[in-house]
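Just so it is clear, none of the values below were taken in a lab; they were calculated from the coordinates. In this text, all values refer to a predicted model and were calculated from it rather than measured experimentally. Here the Cβ is made from the backbone with ideal geometry for all residues, glycine too, and neighbour counts use every protein chain on show.
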Amino acid sequence: MLLSEIASHLGLTLPCADTEITGVNTLAAATTSEISFLANPKYADQVATTQAAAILLAGKDAHLTPRALISEQPYVDFARCVHFFALPQGSFTGQSSQVWIHPDAHVHPDALIYPFVTIERGARIGARARIFSGVYIGENCQVGEDTCIYPNCSLMADTKIGARVLIHAGVVLGSDGFGFAPSASGIVKFPQIGHVVIEDDVEIGANTTIDRAALGQTTVGQGTKIDNLVQLGHNVQIGQHCMIVSQVGIAGSSVIGNQVILAGQVGIAGHLHVGDGCRVGAQAGVGQDIPAGKDYSGTPAMPHGTFLRTSMIMPKLPDLKRRLHRLEKELAALKEQLAQKEE
Amino acid sequence: MLLSEIASHLGLTLPCADTEITGVNTLAAATTSEISFLANPKYADQVATTQAAAILLAGKDAHLTPRALISEQPYVDFARCVHFFALPQGSFTGQSSQVWIHPDAHVHPDALIYPFVTIERGARIGARARIFSGVYIGENCQVGEDTCIYPNCSLMADTKIGARVLIHAGVVLGSDGFGFAPSASGIVKFPQIGHVVIEDDVEIGANTTIDRAALGQTTVGQGTKIDNLVQLGHNVQIGQHCMIVSQVGIAGSSVIGNQVILAGQVGIAGHLHVGDGCRVGAQAGVGQDIPAGKDYSGTPAMPHGTFLRTSMIMPKLPDLKRRLHRLEKELAALKEQLAQKEE
Amino acid sequence: MLLSEIASHLGLTLPCADTEITGVNTLAAATTSEISFLANPKYADQVATTQAAAILLAGKDAHLTPRALISEQPYVDFARCVHFFALPQGSFTGQSSQVWIHPDAHVHPDALIYPFVTIERGARIGARARIFSGVYIGENCQVGEDTCIYPNCSLMADTKIGARVLIHAGVVLGSDGFGFAPSASGIVKFPQIGHVVIEDDVEIGANTTIDRAALGQTTVGQGTKIDNLVQLGHNVQIGQHCMIVSQVGIAGSSVIGNQVILAGQVGIAGHLHVGDGCRVGAQAGVGQDIPAGKDYSGTPAMPHGTFLRTSMIMPKLPDLKRRLHRLEKELAALKEQLAQKEE
């Protein structure tokens, strides 16, 4: 692909003579036919030595190289650039016969179906969907157009997935929510008869699990990105364009707004509301609602600024305790001294 | 199903004219042929407006509607009610020939075996067991009667599963425990030659992992319910009727009593004992034994009441530190003032 | 196997008459044809009553039994001993025809291939590798000699695995890293075009996920052992001979040195460096670099000694706050009293 074509796609000005670009790479590793980028100032001194054919960078850094592709958002434009060179995975084509598909399932003729796939009664697979080996698609599931489901995922009955969704390997959608009622005669299971809805343009990371609703639906909103090993409980509602980092757990019926960011290993208790645009710091334990637009961290979660100040004091607790003890002694000594003077 | 039949099954009194019930739902979503319930007072005002044919609720709330099915435990009775309308998943019947079953495995003729199932030598599958696609059942495993194993689970050799167990998709049972001995010549693996025993009526959530014992067995006791993405280490012993919420991790050889509740993301160190009836709060880090009947929370775990009081102070640490500093200054000033007077 | 053979393999002296040994067990459970060990002094009194044919123990404990196999490292030698009796799992032999293997994949004739395996174009499977049911091996993957991949693992394209690696069931290698750039026009995916490299002698626990690099590679160094449900983000570099306990999460681009131990549920933020030989305590949240050889714990992580002292004070915070309040009142009273005297 010509550098001029890339520049044109990104709406940028060609900085130098045109040349064939074969790929993308870091500043340090790029060859003379690759394009690279500078977004983190830490790497600015690599611009002088990189072999890259062109470097996406901000106007303020343009003086660093005659090969600058000046961009207002170099990282985003580099990400777009990588798309030109990223190939879809998989060498299988067509629809395998080493599958089990119920006669009343509807598989679009343009869908790609690997071997060892199971598709139950009433399921619908859209055009250009790609279903990898070992995927199980339960009764009445829907898989939208251009959606890709990587190997060994399990979609339990009634799961609805939109278009252009990417589901990484090992994901389980529509497992039973954890609904049990302790009773005098033991634990009674609340059968989970709701389902899961994944809207368009969502991405779900490897081995993540999303439970079906007890009644109604568990929802992941349009454009939301979920990382690996995340757990969403029954009836959770995730808004649009959220980013949920790995190992987050969200308990039943909690509602997450739009454009929320939950960092790694965050836990959110059940029946809570996290407002639009909130960001929650890694490992935070959220036990109360968070108003829109706020940043929270810590366990129990508190405003992020408070968390930072608190965190700095934590390792000094032994010192604070010592100082408190000394004060007590000094004050007691002072009082005694004054009392003696009185006598 | 007639409302009178439901009332009769639950041992409750029919409140109104009999009618055909087609399903169950929330107060807000129920139609005129569905049954609903009131357990959380937060939803009491929906009783007046719901279209539900009948509402399970406590005697104290009976005045809210002429269609009350009065129950001592409305939530439990509603859960029982849902069972009448919950259908088992799966449209496949019989025993697929697209499988690999060792000639010396024993599969009951009434078991359901999906395609792409592997059953190794010496394994036994009981009557009415249902084994979904992609399940691997290792050598000498046992699967009890009426047990259901959802897709893509892996049961490594010698795993014993009782009757009426439900195992959600992606579960791994009998993976090697994490047993390694550092030595002068590098890390030596301790081969894990024990196995896993899952007793009757257990439920195990999606993508949960339970390691085989180093020697002996890892056990999950009768009636215990385990959520998604839980990790049980080698030789862990879980008692009966416990509830273990998602993303809990229990390290090797720890013993959990009966009717214990571990909330989400709890971590329990190795070789500990958690007594009968304990409850451990979300994200707690347990590094010491917990006596029977106690509630613990926090990291390191402490009695729940202490945790609540401590948690309220945490965000005030910066303020406490300031107050301490001011006291020190004031006391110093006072002492100096007194010293000057002495002179 | 004769006891004399075992003693000879371990380089130890036969303590008693030779006898046939059929297995290994704990002191409490061992029969007269089994070998046992004493490493934890807690079990010393079981040495007198065990039926074991011989007991591996330290010289200082030799007086406890005439059947002592005296060892400088009884636990390590017992682990070696277990290897004599541990059998590899699996009753399938040869290469199944119920598979899908691309004609341009290279499978060594001595590799074991279970049914329902998928091997894509350009993948290479080494001699004596064992690939269990339901495993997906993507394009251009490499699996080294004597490596074992348990059921339902997914190796996405370009994953390179060395020799003698053990990968437990449900593992996902080479899933996309969580790389997204927020932009004015929504979240832009950074296509993940790097790959995963697993060096020789690594072990990876069940349902663990390791993401491919954005550019370049994610690496797990030689001899490192990883437990279940661990998450390694894109471009993470793990050194040699590390031990990473279950449910640990390491965010993108962090570098872990050699012989590092990360306890259960630890979280490590992105772009950090954890030096050689560090140990990080369970549930710690690491947000800063850790110098080589240090032990850290807590959230935010601090030196382990500080963490212990801090942890002891945590439950006493309500008491400290009360004492502080009392001091303030006493000091105020004292000042007032002095002021009145002045008048």
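Give the percent of DSSP beta bridges with both residues in segment A:137-284 that are antiparallel, rounded to the nearest 5.
Details: 4 of 42 bridges.
Within segment A:137-284, antiparallel bridges account for around 10 percent of the total.
Counting partner chain Cβ atoms within 10 Å of every residue's Cβ in B:209-216, what's the average?
Working: counts 12, 2, 6, 0, 0, 4, 10, 4.
Average neighbour count from other chains, rounded to a whole number: 5.
Once you list every other residue whose beta carbon is under 11 Å from the beta carbon of C:S175, what net charge do they have if Lys and Arg are +1 and Asp and Glu are -1?
Summing Lys/Arg as +1 and Asp/Glu as -1 gives -3.
When only C-alpha pairs under 8 Å and at least 6 residues apart count, what is the relative contact order of segment C:266-343, in percent?
Here the relative contact order equals 19 percent.
Placing +1 on the Cβ of each Lys and Arg and -1 on the Cβ of each Asp and Glu in segment A:231-338, which of A:I256, A:S297, A:P315 has its Cα farthest towards the positive end of the resulting dipole?
My answer, from the dipole projection, is A:P315.
Where does each of A:F84, C:F92 land when they are ranked from fewest to most other beta-carbon atoms within 10 angstrom?
Ordered by Cβ neighbours within 10 Å, fewest first: A:F84, C:F92.
Relative contact order for chain C: what percent, with Cα pairs under 8 Å and sequence separation of 6 or more?
6
Based on DSSP H assignment, which helices of chain B show an axial Cα extent of at least 15 Å together with a mean Kyte-Doolittle hydropathy greater than or equal to 0.5?
The qualifying helices are B:74-85.
Please report B:D211, B:D295 as a ranked list, fewest other C-beta atoms within 10 angstrom at the top and most at the bottom.
B:D295, B:D211
How large, in Å, is segment B:61-154 by the Kirkwood hydrodynamic radius built from its alpha-carbon pairs?
The Cα-based Kirkwood calculation yields 15.4 Å.
Pick from A:S311, A:S253, A:S36 the residue whose mean-square fluctuation is largest in a GNM of chain A, springs joining Cα atoms under 10 Å.
Sorting by GNM fluctuation, first place goes to A:S36.
Within segment B:50-79, what residues put their amide N at less than 17 Å from the label point 7 Å along the Cα-to-Cβ vector of A:A184?
B:57-60, B:70-79
Pick from A:I70, A:I137, A:I167: which residue has the top mean-square fluctuation in a GNM of chain A where Cα pairs under 10 Å get a spring?
Evaluated over chain A, the most mobile residue of the options is A:I70.
Where Rh is the Kirkwood radius over the Cα pairs of chain A, the temperature 10 °C and the viscosity 1.306 mPa s, what D in µm²/s does Stokes-Einstein return?
Once the numbers are plugged in, D ends up at 66 µm²/s.
For a test of the definition: using alpha carbon positions, the gyration tensor, and the 1.5 limit on a/c, classify segment C:3-85 as rounded, prolate or oblate.
Here segment C:3-85 falls in the rounded category.
Give the percent of DSSP beta bridges with both residues in the protein assembly as shown that are antiparallel, rounded to the nearest 5.
Of the beta bridges lying entirely in the protein assembly as shown, close to 10 percent run antiparallel.
Give me P(r) over the protein assembly as shown, computed from all C-alpha to C-alpha distances, binned every 20 Å, as integer percentages.
12, 40, 33, 12, 2, 0
Run the reach check for B:K160 against lysines, Cα to Cα strictly under 19 Å, same-chain hits fewer than 8 apart removed. What comes back?
B:K225
Test of understanding: express the Cα radius of gyration of segment B:99-224 as a ratio to 2.2 N^0.38 Å, with N the residue count. Intermediate results must be reported in sequence, preceding the final value.
Values: Rg = 14.9 Å, N = 126, 2.2 N^0.38 = 13.8 Å.
Ratio of Cα Rg to 2.2 N^0.38 Å: 1.08.
Taking the Cβ of each residue in B:E342, C:E120, C:E328 as the centre, tally the other Cβ atoms inside 10 Å and list the residues starting with the fewest. Don't skip to the answer; put the middle values down first.
Working: B:E342 6, C:E120 26, C:E328 15.
By the 10 Å Cβ count, ascending, the order reads B:E342, C:E328, C:E120.
Rounded to the nearest 20 debye, what is the charge dipole size of the protein assembly as shown about its Cα centre when +1 sits on each Lys and Arg Cβ and -1 on each Asp and Glu Cβ? Intermediate values should be presented prior to the final figure.
Numbers: 72 positive and 93 negative charges, 485 e Å.
I would put it at about 2320 debye.
Note down the relative contact order for segment C:7-71 as a percent, whole number, built from C-alpha pairs under 8 angstrom at least six residues apart. All intermediate terms of the calculation are to be shown ahead of the outcome.
Numbers: 111 pairs, mean separation 20.1, N = 65.
In percent, rounded to a whole number, it is 31.
If the cut-off is 27 Å between C-alpha atoms, which lysines fall inside it for C:K335, apart from same-chain ones fewer than 8 positions away?
List returned: A:K321, A:K329, A:K335, A:K341, B:K316, B:K321, B:K329, B:K335, B:K341, C:K321.
Give me the lysines in straight-line cross-link reach of B:K42: C-alpha distance below 22 Å, same-chain residues under 8 apart excluded.
Reachable lysines: B:K60.
From the square roots a ≥ b ≥ c of the eigenvalues of the alpha-carbon gyration tensor of segment C:209-343, which class results: rounded (a/c under 1.5), prolate (a/b over b/c), or oblate? Don't skip to the end; give the middle numbers.
Values: a/c = 3.83, a/b = 3.48, b/c = 1.10.
Judged from the Cα gyration tensor, segment C:209-343 comes out prolate (a/c at least 1.5, a/b above b/c).
Shape call for segment B:238-288 from the C-alpha gyration tensor, a ≥ b ≥ c root eigenvalues: rounded (a/c under 1.5), prolate (a/b greater than b/c) or oblate?
It comes out oblate by the Cα gyration axes.
How many angstrom separate the Cα center of segment B:108-176 from the Cα center of segment B:268-306?
Result: 33 Å between the Cα centres.
Taking only Cα atoms of segment B:1-160, what ratio of Rg to Rh do you get with Rh as the Kirkwood inverse-distance radius? Display every interim value, and only then the final one.
Values: Rg = 22.1 Å, Rh = 18.3 Å.
For segment B:1-160, the value is 1.21.
Report the antiparallel proportion of the DSSP beta bridges in segment B:248-302 as a percent, rounded to a multiple of 5.
Working: 1 of 12 bridges.
The antiparallel proportion sits near 10 percent.
A:T32 versus A:K341, label points 7 Å from Cα toward the beta carbon: distance in nm?
Between A:T32 and A:K341, the simple spin-label model gives 8.8 nm.
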